Amino acid sequence: MDEDRSSFVLDLDRYFTEAKILKFWLGGIVIVCILVALIATLLATPQFRSSARIEVSQVAANVTALDPLETQNQVSELQYLNTQYELLESRFMASRVLEAGNLSRDEEFLEVFALDESDEPLTVFALEGLLLEQLSVEPITQSSLIDVAFSSPSPGLSARIADLWAEEFIAANYEKRFGTNIEAREFLRDQIEELRETLSRSEQELVDYANANEILVLESQASAEGSGTATQTLQAADLNAINRALAKAKTDRVEAQAAVAAGNVSNSTADNRVVTQLAIAEAELSVLEETFGPDYPEVQQKQSEVNSLRSSRSAEARAALRSAEMREKNLAAQLEDAKRSFLVQQNQGIQYGILKREVDTNRELYEALLQRLKELEASGAGQNNITLIDQAEIPALPYSPSLLRNLLAGIVFGILLASALVYLRVTLSQAIRTAQDATSKLGVPVLGGIPMAQFDRLADTLNQRSSEISEAYRSLRTNLVFLTPQGAPQVILLTSTVPAEGKSMSATALATSFAQLGKRTLLIDADLRNSKLVKTLELGNHTSGGLAALLTNPASKLSDEVIPIVDLGFDYIPIGHRPPNPADLLSKPRLSELVDSVRGEYDQIVIDCAPLLSLADAVETARAADGIVYVVEADRIKARIIETSMNRLKRSGTPIYGVVLTKLDERSAEYGYGYGYGYGYGTTPEDDAPEMATS
């Protein structure tokens, strides 16, 4: 039983019935939502949206062979694209666009968003927030394309800001990727400028020192370490030339001395003409001596000529020796002078070398930084991985407000509100309205449902087999018959939570239904406080005898108090006079004894007792019955109150067979599905006809 109560059942019929009841309210809600959507559309300012499309590639091409100055993290493409989406919608970008477009002073921007009419000062934070509110970033599915859209009441402004946003994002990305190179280039330019001045100053100092000390540098020579600081000066060149000339002079002198000693003239000093003549003369002398002999005059004459030539050659050799000696002496003197001059300049060359090395060092640093600057400038030619694909176009028509879209939204919203109203009405309802409510909230089965009906006389309605009331109570009787293998319990007590729930009518109708089945039936009126059965059965006034007399006077005979109801076919015991202490009378065993005494005379006994709420009558009366049928008026009493009353009744120990729902109308799904439409037994009562009995 508890599991049935806690389980959730979606009763669509119940919701549908509730919707039919609230159809005018629901229709009104939908119409109001549609009207609100229509009014909002007519009053809304047209909004124009323009979008620029960019492409975001994760890896950018590098046209240089240089390594980047910063390491790029390897991240997944999805993570990278999500990062770009967030950057596009960041305040960083809003600040760049605001500054790049000078929007805080842009008359069109201020006028379009009515910022020029605001009394409050415009803050950068507020302007950035406004830009971000109008911006939308829309990634293209399954691609690296992104649409950057901006909305405003001005089509031209929308296109301009959309383009500006895309351009600033591309520029910001380029600065982020190559910003380190740019900073490095600026730093190197500053350093190069300083080195250029330092190099110029050091070169000037070197030149000034060389001029002041008359140091003439002919050429630079690389040292063994490759420092390039050794230099060739004019004094050194002179010293070297004099030294070579002196060595040559010494060689010539030695040769001249050897020639003088040998009586010859060295090849270096001989007169070719004299040598030639001497050779010719000696040849002729030899021929003449062989021909004429030594005493021949011509031979002697030729001998004299040869001797003269030989004497001339010897004189030339001695002259050459003297010339070589003089030349050697002069060169030796020049060498000494050159040595002294070189030694003086060599001492000055130390300072010159220091200045020269400083110049060389500054030049090397300058060239190295200049080379690195060229490399960085080349690396700055790297391609940006974000490119502009399509520029924003000026929209011709506004995208918002859309009448069709707003009307659809109003209809959907109205339907949702209407559905919520129906759901809340059904869910939050605390009254018992349907059999499902009774089962889930009370935990007891429903034995029958009695529709709301109007009639002139109850007896005529119950005797009319085709009436809704008669059909309903026959169904209740059938359910009672199937409660036990032996059939319906012999003694059945009917009670309710409060008066006017249809308890007395149900007792009368149930007794009539059993009588129609051919059973001898007795109806006992045990509502000693406010009985309605006498009025329901149209018996007039019975203020004496009855059940009250049977309970208070043991000598009273039961047969004297029984009234046959001929129209309905059962016997009836009225309450008689109203006693001052009904609960005390009912608590005595006299009622149980009376019921036991008639069990053999009647097939079915129906007891109508007082309602339960705040009274103990029903609890005391229940001890005389075999079981209880609890009457509940639909959609009247809260389930919590009914459950509390039933718990009191359960303490008597008498079982509760179930509940009977009375006064069902179209709001009850079971009634609407079953009686009202299924069988077609509905009547068309007069407007002034009385309703079913209410006690």
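Here are some notes:
- Note on the range 617-656: semi-axes of the ellipsoid equivalent to its C-alpha gyration tensor, largest first and rounded to whole Å, are 20, 10, 8.
- For the range 369-506, the direction-averaged projected area of the alpha-carbon convex hull comes to 25.4 nm².
- Inter-label distance, nm, simple model (7 Å from Cα along the C-beta direction), Asn82/Lys339: 9.0
- Restraint check, Lys23/Lys503; Lys23/Lys638; Lys441/Lys519; Lys20/Lys638, Cα-Cα greater than 29 Å: Lys23/Lys503; Lys441/Lys519
- The alpha-carbon of Lys557 sits under 19 angstrom from the alpha-carbons of these lysines, leaving out residues fewer than 8 places away in its chain: Lys588.
Every number here is computed from the coordinates shown, using simple stated rules; none is lab data. All figures in this text were calculated on a predicted structure; none of them were measured in a lab. No Cβ is skipped: glycine too gets one built from the backbone with ideal geometry, and neighbour counts run over all protein chains shown.
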